[in-house]
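Some notes on the structure that comes next.
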Amino acid sequence: MLFPKTLCLIRGGGDLATGVAHRLHQSGFPVVVLELPQPRVVRRMASVAQAVFDGQFVIGDLRARRAELPDVLPAALAGDIPVLVDPGGETMAALRPSVVVDARLTKAPADSTLDAASLVVGLGPGFVVGQNCHAVVETNRGHDLGRVLWAGAAQPDTGRPEPVLGFEGERVLRAPAAGSLKAYAQIGDRLHTGDLIATVDGQAIAAPFPGVLRGLIHDGLPVAAREKIGDLDPRGQRRFCFTISDKSLAVGGGAVEAVLTWLGKL
């Protein structure tokens, strides 16, 4: 491990956060992830957050495992990605990370503070350098994806998913009502138009076009009406469901650049 004293703590364990964890881990940094007790992650088969449900989860060369506070640092130094249930970040004072990456993607003004660590990096909308972070990594697709900003703010949330093979809003699956989600399809399933994916409060969510179910939040979680609960991919590539995406890796590369730039100025 090249940087054993530079503990990097990531708030959130979704797909973009997992790209950050992968890049930092591969670069030799010990990494710890903080998550919710019931992570609301859509692309969870490509997210370290799944360790909260399964106890342990492997994606590529990353092995994430749910951990308690006394075991977190030994696990991180041994090369695992410990995932700690701590939605409020109360354990940060005990862990004393050198770097905090806020990857919760709230798409609103973030509650991160500049004193959370020597370097605070924010991902995407809601982060402003000098207010709630020291650096921002752009998360919107386009020319600036993965770019590190040391002044200013990330681009605002567009509210629109990226088009994939001509499909845009329809590939995002949303809850038709408030209630508990019951899954009938599994991530990675190849679906035809009209196939039942899940129900919420007895109301069906069916595939709007043929594709592979790339994401679906965990069975049994309560959802709000119109909440994003899944992602249907028209490309039909099943392996995309279980590997870190190009976007996540680009954002992760930006986070590593921010950390190395900061270290180079010490």
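The values are calculated or read from the model by the stated rules, or taken from the named source; none is laboratory data. Predicted model, so just to flag it, every value in this text is computed and none were measured. Cβ: placed from backbone, ideal geometry, glycine included. Neighbour counts: every protein chain shown.
Below are the figures for this structure:
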{"item": "The range 76-93, residues that are outside any loop (DSSP other than H, G, I, E, B), farther than 20 Å from G19 by Cβ and either within 16 Å of the chain's Cα centre (by Cα) or at pLDDT below 90 (or both)", "result": "L77, V85"}
{"item": "Output for the range 126-169, where each listed residue is touching a Phe, Trp or Tyr at 6+ places or on another chain (Cβ under 7 Å), in contact (Cβ under 8 Å) with a residue 60 or more places away in the chain and either more than 18 Å from V100 (Cβ to Cβ) or in a loop (DSSP other than H, G, I, E, B) (or both)", "result": "F167"}
{"item": "Within the range 15-40, considering residues that are more than 19 Å from P74 (Cβ to Cβ), surrounded by fewer than 23 Cβ atoms within 10 Å (Cβ to Cβ) and not basic (K, R), the one farthest from the chain's Cα centre (by Cα)", "result": "S27"}
{"item": "Any chance L216 is in contact with a helix residue (DSSP H, G or I) (Cβ under 9 Å, 6 or more places away or on another chain), outside the structural domain of G60 (by TED's automatic domain parsing) and at pLDDT 95 or above", "result": "yes"}
{"item": "The range 41-73, subset outside any helix (DSSP H, G or I) and among the hydrophobic types (A, V, I, L, M, F, W, C), residue surrounded by the most Cβ atoms within 10 Å (Cβ to Cβ)", "result": "A64"}
{"item": "Filter pass, G28 being on the phi > 0 side of the Ramachandran plot and either touching a residue at least 12 places away in the same chain (Cβ under 8 Å) or not in a loop (DSSP other than H, G, I, E, B) (or both)", "result": "yes"}
{"item": "Residue ID - surrounded by the fewest Cβ atoms within 10 Å (Cβ to Cβ), chosen from residues in the range 132-150 that are under 11 Å from E257 (Cα atoms) and of a type in the set (G, A, S)", "result": "G146"}
{"item": "Complete set of residues in the range 205-219 that are farther than 20 Å from L165 by Cα and more than 20 Å from the chain's Cα centre (by Cα)", "result": "I205"}
{"item": "Test: residue in the range 105-117 that is touching a residue at least 40 places away in the same chain (Cβ under 8 Å) and outside any loop (DSSP other than H, G, I, E, B)", "result": "no"}
{"item": "Number of positions in the range 10-59 that are out of contact with any helix residue (DSSP H, G or I) (no Cβ under 6 Å at 6 or more places or on another chain) and aromatic (F, W, Y)", "result": "2"}
{"item": "Considering residues of the range 94-116 that are over 20 Å from the mean Cα position of the chain (by Cα) and of a type in the set (A, V, I, L, M, F, W, C) only, the residue farthest from E138 (Cα to Cα)", "result": "A94"}
